[in-house]
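Reading through the structure tokens given below for one structure.
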Amino acid sequence: MRVLLVGAGGVGTAITRIAARRSFFEAMVVADYDPARAEAAVAAVADGRFGAERVDASDEATVAELLRRHRCDVLLNATDPRFVMPLFRAARAAAATYLDMAMSLSHPHAERPYTECGVKLGDDQFAQAEEWEKAGALALVGMGVEPGLSDVFARYAADELFDEIEEIGIRDGANLTVDGYDFAPSFSIWTTIEECLNPPVIYEADRGWFTTEPFSEPEVFDFPEGIGPVECVNVEHEEVLLVPRRVDARRVTFKYGLGREFIETLKTLHLLGMDRTEPVTVPSAGGPVAVSPRDVVAACLPDPATLGERMHGKTCAGTWVRGVKDGAPREVYVYHVVDNQWSMAEYGSQAVVWQTAVNPVVALELLATGAWSGSGVLGPEAFPARPFLDLLTAYGSPWGMREQ
């Protein structure tokens, strides 16, 4: 396997550090708009299989040429969701397998954004599924931690834990703190704003997909391994769009443990229009400059990848499932916890980015060995769960399960 990794930010850099310990691939080209970031990621692993390139992720032709030049048969997208579609198309043009951790962007319904779906997450990719399938090519979409591992947990529950599933609820929570910062998101603020301020999607078998108000249906969920109770709210996320395609469940939701202060900050950004992606013209000494308000917010906050030394606590991603097994009610939470102290000591990567990064590397290895295979546009729930969960444990990061 020869891999083109596009994006050398926090997650991309963590991917190189995890992959460097594995032998399933022949080469990994790390490409970024900022060549210094790509070079730093490569230098840190000191492994001859890695090389650095500069690339503009929005330039499909250049990305496709880079895939061909380095004879890469896989494109792994570690950029933010704005670049999903150009990279997705570039991979198809170069006849490469495609993997991402976040899917193509949604667009709310023009008249009824909080009751009906407009363009859903991933719709633009699934619209091309037939083309990929006819070509015998694979696009494995949403293969991070959430979406990603959470989808694997849903498939595992359907295959091994339940006869009937009433509800699947992805629940994400943490007790992370960052020294010296009152507000310092542990993941890309650009992506966080996109997820949290868009209308959340809910799936119900008798209704299909529909939307609700941001931050709706608050509940307190008790997370394992010392994290404890965290208030979680509905947030737009890919699992709700992916899991029902392959797993039979009457209801699917995603709730994120944001905390009251974080929610109020996001609401204020929305009120001020600072969540907008459309450029606004700003006067400057050198003349008017067009900038995106959301990009300004991102530039004003610390890079999450640099916060590891200041961060303390654990992060938990998991899938809560309620249903019936052998005629009796059952309720479980299948989860994966990463302690920031461990991930920093072991890999030099903070917990949230490391937890995101390990899953696409596991998936790449399963594809390389043939344990996973397929064609078309598929989410993680389309593949058998047990090989993934066993390999994740072999990577030194075991998962857990709690009967509720």
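Observations
- Any hit, the stretch 313-334, residues being in a loop (DSSP other than H, G, I, E, B) and in contact with a strand residue (DSSP E or B) (Cβ under 9 Å, 6 or more places away or on another chain): yes
- Residue check for Thr97: over 24 Å from Cys316 (Cβ atoms), surrounded by 15 or more Cβ atoms within 10 Å (Cβ to Cβ) and hydroxyl-bearing (Ser, Thr, Tyr): yes
- Every test in (1) buried (at least 17 other Cβ atoms within 10 Å of the Cβ); (2) touching a residue at least 60 places away in the same chain (Cβ under 8 Å); (3) of a type in the set (A, V, I, L, M, F, W, C) is passed by Met1 save one, and that test is (1).
- Filter pass, Asp159 being closer than 30 Å to Trp372 by Cα, in a helix (DSSP H, G or I), modelled with pLDDT of 90 or more and not β-branched (Val, Ile, Thr): yes
- Residue check, Glu164 more than 20 Å from Val337 (Cβ to Cβ), charged (D, E, K, R), in contact (Cβ under 8 Å) with a residue 40 or more places away in the chain and buried (at least 16 other Cβ atoms within 10 Å of the Cβ): no
- Residue in the stretch 40-50 that is surrounded by 19 or more Cβ atoms within 10 Å (Cβ to Cβ), at pLDDT 95 or above, under 20 Å from Ala137 (Cβ atoms) and in contact with a strand residue (DSSP E or B) (Cβ under 8 Å, 6 or more places away or on another chain) present: no
- The residue pairs whose first member lies in the stretch 246-274 and is on the phi > 0 side of the Ramachandran plot and in the same structural domain as Tyr203 (by TED's automatic domain parsing), whose second member is at pLDDT 90 or above and in a strand (DSSP E or B), and whose beta carbons are closer than 9 Å, counting only pairs six or more residues apart or on different chains, are Gly259/Val230; Gly259/Glu231; Gly273/Val280.
- Residue that is surrounded by the fewest Cβ atoms within 10 Å (Cβ to Cβ), among those in the stretch 100-140 that are of a type in the set (A, V, I, L, M) and in contact with a Gly (Cβ under 6 Å, 6 or more places away or on another chain): Ala129
- Of the strands (runs of 3 or more DSSP E) lying entirely inside the stretch 213-267, those containing at least 3 residues that are crowded, with 23+ Cβ neighbours inside 10 Å are 251-256.
The values are calculated or read from the model by the stated rules, or taken from the named source; none is laboratory data. Predicted, not measured: the structure shown is a model, and the values here were computed from it. Counting neighbours? That spans all protein chains shown, and the Cβs are built from the backbone with ideal geometry, glycine included.
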